[in-house]
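The values are calculated or read from the model by the stated rules, or taken from the named source; none is laboratory data. Note that this is a predicted model, so its numbers are computed, not measured. As a convention, Cβ positions derive from the backbone with ideal geometry for all residues, glycine included, and neighbour counts pool all protein chains shown. To get the accessible areas, we keep the full protein, side chains included, count just its heavy atoms, and leave off ligands, DNA and RNA. Shrake-Rupley method; radii C 1.70, N 1.55, O 1.52, S 1.80 Å.
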Amino acid sequence: MALVPYEETAVMGLQKFHKPLATFSFANHTIRIRQDWRQLGVAAVVWDAAVVLSAYLEMGAVELRGRRAVELGAGTGLVGIVAALLERDRA
């Protein structure tokens, strides 16, 4: 386990979580997700792991057609949104 001190004014990569809108392009769609770190905390931002897993799914590494999945991540649900779009587009 690692403890990372958080400073709102830090120059490191955490500033992107304070932007009210995160925009991504997956499955031939533009996905815009509203973020609210200040009021909702860590569950209201798109984490890098979600972006990486979404890209992995988009590469076709996992067959989604005809499958059911439950996303047990923490955050905004980007992976579930991308999986649903990919399954729909590949059907």
Of all residues in the stretch 14-24, which are within 28 Å of E87 (Cβ to Cβ) and either aromatic (F, W, Y) or under 11 Å from the mean Cα position of the chain (by Cα) (or both)?
A22, T23, F24
Qualifying positions in the stretch 45-79 - assigned to a helix (DSSP H, G or I) and open to solvent by 30 Å² or more (accessible area, probe 1.4 Å)
D48, A49, V51, V52, L53, A55, Y56, E58
Is there any pair linking a residue in the stretch 32-44 that is in a strand (DSSP E or B) to one that is among the basic types (K, R) and at pLDDT 80 or above, with Cβ under 8 Å and at least six apart or on different chains, and which?
none
For the subset of the stretch 1-44 comprising residues that are among the small types (G, A, S) and open to solvent by 50 Å² or more (accessible area, probe 1.4 Å), which member is modelled with the highest pLDDT?
S25
